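Just so you know, all these numbers are worked out from the coordinates, no wet-lab data involved. Model, not experiment: these values are computed from the prediction. For neighbour counting, all protein chains shown are included, and Cβ atoms are generated from backbone atoms with ideal geometry for every residue, glycine included.
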Amino acid sequence: MDINKFINDWLDKSNAYDIQAYLEKWHRNAILDDPSVGQVFKGHSGIKKYFESYFIGYKTQTRLVKLDIISNNEAHLEVEFTGEFPGGQTGGIFDFIFKDGKIASAKADLL
């Protein structure tokens, strides 16, 4: 799996608000833990709720600042979010674990 290519494609799908293509990047039973919103989102239904609420709802755009590939199935991202939320701009992180070419789990947080 080419993690760099995967991440850039994932960001493109996110920034285009393409829900179906975005969800296809996640395992059906993936887990997304986001302490900044105080919730853990499970499976496609939970991740869809997260994406609709915090990305589509706030017109969030995500720019990659730094990508650290930790292993062939782990990556750490530093990103910049802009959108229609208080302050309009903030930093964030994602820590991913991949399985079978998809995101199996992620931890997201604001900086």
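Overview of results
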| quantity | calculated |
| --- | --- |
| Length gained when the stretch Ile56-Glu74 is fully extended (0.36 nm per residue, less Cα-Cα span) | 3.9 nm |
| Qualifying lysines (Cα of each under 24 Å from Cα of Lys49; at least 8 residues distant if same chain) | Lys13, Lys25, Lys59, Lys99, Lys102, Lys107 |
| Net charge, Lys13 excluded, C-beta distance under 12 Å - Lys, Arg +1, Asp, Glu -1 | -3 |
| FRET efficiency, 1/(1 + (r/R0)^6) with R0 35 Å, evaluated for Ser45 and Leu111 via beta carbons | 0.80 |
| At R0 = 22 Å, FRET efficiency that the Cβ-Cβ distance of Lys102 and Leu67 yields, to 0.05 | 0.80 |
| Value of relative contact order over segment 3-110, rounded to a whole percent, pairs C-alpha under 8 Å and six or more apart | 25 percent |
| Low-density loop positions, trypsin sites (Lys or Arg not before Pro), segment 8-104 - DSSP coil, at most 12 other Cβ in 10 Å | Lys59 |
| Range in the chain, longest, excluding exposed GluC sites (Glu not before Pro) [loop by DSSP; at most 15 other beta-carbon atoms within 10 Å] | 25-83 |
| Expected 222 nm ellipticity per residue - DSSP helices of 4 or more, -39500 (n - 2.57), all of the chain, to 500 | -7000 deg cm²/dmol |
| Globularity ratio of segment 3-110, using Cα Rg and 2.2 N^0.38 Å | 0.97 |
